[in-house]
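Some notes on the structure that comes next.
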C-alpha cells in the first residue's frame, strides 16, 4: 500500500508521473478539483454542501475537502492513493495526517519534483499540444515532423495554453513557492520528503520515484517519524 503526495511547481510533470503510477501500480489519483466537480453533480449531502459554497462564489472549506477525501478512501480498495493538489497549507497537512491515521493508513512519501526555474520557463513557454489527441510537443525539443500537423493523429488543431507564457508562469511559480515552502519543511522534518529531478526525462523521473516507493520501510524513517505516526 502506497499513499503519496506529489509536490512540484506547474510544469514539473506531476500529472505525467501520476498517470504512470495509476497505470503501473494501481494507485488512485485524488485530485481535489476533480473530486469537487464530481461531488457537485452527485446529488449527495456532501455534494449539496459543495454546490452551495461554490454557487456563492466562496472557496470550499478544508473540512469539506477532507470529508470528500475520507469518503473516497472508505469507498476504494485501491493499493494506494496519490494526493494531487492537496495539501496546500500546514493546516491541511495536519488534517490529512489525522485522516490517514483514522483510516489506518499512513503517508509513505512526499515526492518533491524539484526544478530549475529558468529551465522550466524554457520548457513551458515552448510547449504546445494537439487539441484532438492530446499529444504534447515543444518548439525546440520536440517539434512536429511537419509544421502545423500532429505526428500522432494528423490533426492541424495544435494549441498553446493561454497561461503558457513567461509572465504568467513566473507568477504561478511565485505563488507555488509561497504556498509550498512551509510544506517542504514540514514533511522534511517528518522524514517523508524525497526529492527527485523534475526536469529529468520522463522515464528517469519515473525510475527515481519507483526507487523511492520500493525502498524498504526503514529507509523512509526520519528523525521525527515517530511524531508523524502519532500526529
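Which ones in segment 1-17 are surrounded by 16 or more Cβ atoms within 10 Å (Cβ to Cβ) and over 14 Å from residue 112 (Cα atoms)? Those that are surrounded by 16 or more Cβ atoms within 10 Å (Cβ to Cβ) and over 14 Å from residue 112 (Cα atoms): 2, 3. For residue 81, the conditions (1) under 27 Å from residue 164 (Cα atoms); (2) touching a strand residue (DSSP E or B) at 6+ places or on another chain (Cβ under 7 Å); (3) surrounded by 17 or more Cβ atoms within 10 Å (Cβ to Cβ); (4) modelled with pLDDT of 90 or more are fulfilled apart from (1). Scanning segment 5-37 for residues that are modelled with pLDDT under 85, over 10 Å from the mean Cα position of the chain (by Cα) and not in a helix (DSSP H, G or I) yields a total of 1.
Out of 140, 169, 173, one residue alone is over 15 Å from residue 6 (Cα atoms), surrounded by fewer than 12 Cβ atoms within 10 Å (Cβ to Cβ) and touching a helix residue (DSSP H, G or I) at 6+ places or on another chain (Cβ under 8 Å). It is 140. Annotation: of all residues in segment 38-61 being within 28 Å of residue 170 (Cβ to Cβ) and either without any contact (Cβ under 8 Å) to a residue 12 or more places away in the chain or part of a helix (DSSP H, G or I) (or both), the one that is farthest from the chain's Cα centre (by Cα) is 57. Tell me whether segment 134-146 contains one or more residues that are modelled with pLDDT under 90 and part of a helix (DSSP H, G or I). So far as segment 134-146 goes, no, none of its residues is modelled with pLDDT under 90 and part of a helix (DSSP H, G or I).
Is it fair to say residue 2 is over 18 Å from residue 183 (Cβ atoms) and modelled with pLDDT under 90? When the stated conditions are applied, residue 2 passes them. Taking residues in segment 12-27 that are touching a residue at least 60 places away in the same chain (Cβ under 8 Å) and on the phi > 0 side of the Ramachandran plot, and partners anywhere that are part of a helix (DSSP H, G or I) and buried (at least 20 other Cβ atoms within 10 Å of the Cβ), the pairs with Cβ atoms closer than 7 Å and at least 6 places apart or on different chains are 13/205.
Only residues that are surrounded by fewer than 17 Cβ atoms within 10 Å (Cβ to Cβ) and either in a loop (DSSP other than H, G, I, E, B) or free of Cβ contacts under 8 Å to residues at least 40 places away in the same chain (or both) were counted in segment 93-116, giving 7. Give me the residue from segment 203-230 that is in a helix (DSSP H, G or I) and modelled with pLDDT under 50 and, out of that set, surrounded by the fewest Cβ atoms within 10 Å (Cβ to Cβ). Once the filter is applied, the top-ranked residue is 230. Kindly provide the set of residues from segment 18-35 that are surrounded by 14 or more Cβ atoms within 10 Å (Cβ to Cβ) and either touching a helix residue (DSSP H, G or I) at 6+ places or on another chain (Cβ under 6 Å) or within 16 Å of residue 75 (Cα to Cα) (or both), ordered by number. Result: 20, 27, 28, 29, 30, 31, 32, 35.
The values are calculated or read from the model by the stated rules, or taken from the named source; none is laboratory data. Keep in mind that this is a model prediction, so the values were computed, not measured. Cβ atoms come from the backbone with ideal geometry, glycine included; neighbour counts cover every protein chain shown.
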